[in-house]
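Notes follow the structure.
The values are calculated or read from the model by the stated rules, or taken from the named source; none is laboratory data. Please read these numbers as outputs of a predicted model, since none were measured by experiment. Reconstructed Cβ throughout: ideal geometry from the backbone, glycine too, with neighbour counts over all protein chains shown. Please note that ligands, DNA and RNA were not included when accessible areas were found on the heavy atoms of the full protein model with its side chains. Shrake-Rupley method; radii C 1.70, N 1.55, O 1.52, S 1.80 Å.
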Amino acid sequence: MQKLKFIPFSAGVMLFVLSAVTIYLSIQELSDIRPAGDYEDQGVYTFLPYDVQSVQVKNTSASSRDRRMHPTTTVYMVLYRDTSGAGYRWQERTPAPELGQKTVKAGQTVARRVLTIPSSRTYITVEPEQSAKSYTDGLKQKYSLCLGLSVAYILFYLAAWYVIRAKSNPRR
């Protein structure tokens, strides 16, 4: 019976720690979001797939032992370039190199909006219906939701902990 009581406690503590980490990361990501005014809209470009490449990325698997033994993992990316010759490039992750090769052979073009960041001489591509404002608003909404849910869980956990403590130690 004691083991059964330990499982919810352990799960609650793990979720508490996860929520605290999520709060930290959400605040960090929210502070890193550039204002919409930093982006310049270059318009919608058509991108054509031209190659599939393997790329080494940081291993983020669930097992810490696996991360230590294999700090990087291989993923496959379909590379695209704009058809106008402006020099813009975009890449998309593919589950397997064979699927990426099928995409390249099919030659299906993709429309993407290019947003440049003149201060850092870089650019990003987003869906064609997005603007700089909708892109930044979407990021803010995503990280604010994570932040809100994590704060709500921590408050719920602390309230439950207080109620359980109050029941187990009644005041005389």
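Here are a few things to note about the model shown:
- The residues of the stretch 69-172 expose, per residue, 71 Å² of accessible area to a 1.4 Å probe.
- For the residues Thr73, Thr94, a 1.4 Å probe over the protein chains yields an accessible-area ranking, largest first, of Thr73, Thr94.
- Note on the chain: lysine pairs with Cα distance below 23 Å, sequence gap of 8 or more or different chains, count 4.
- Of Tyr135, Tyr50, Tyr80, the one that fluctuates the most in a GNM where the chain has Cα springs shorter than 10 Å: Tyr50
- Carbon + sulfur, % of accessible area of the chain - ligands and nucleic acids excluded, 1.4 Å: 59 percent
- Net charge of neighbours whose Cβ lies under 9 Å from the Cβ of Tyr45, counting Lys and Arg as +1 and Asp and Glu as -1: +1
- Mean projected area (nm²) of the alpha-carbon convex hull when the chain is viewed from all directions: 15.9 nm²
- Distance from the stretch 21-67 to the stretch 112-144 (C-alpha centre basis), Å: 12 Å
- Spacing of the modelled spin labels on Glu129 and Lys105, each 7 Å from Cα toward Cβ, amounts to 3.2 nm.
- GNM flexibility winner over the chain from Asp82, Asp66, Asp51 (Cα, springs under 10 Å): Asp66
- Under a Gaussian network description of the chain, with springs only between Cα atoms under 10 Å, the residue in Arg112, Arg67, Arg93 that fluctuates furthest is Arg67.
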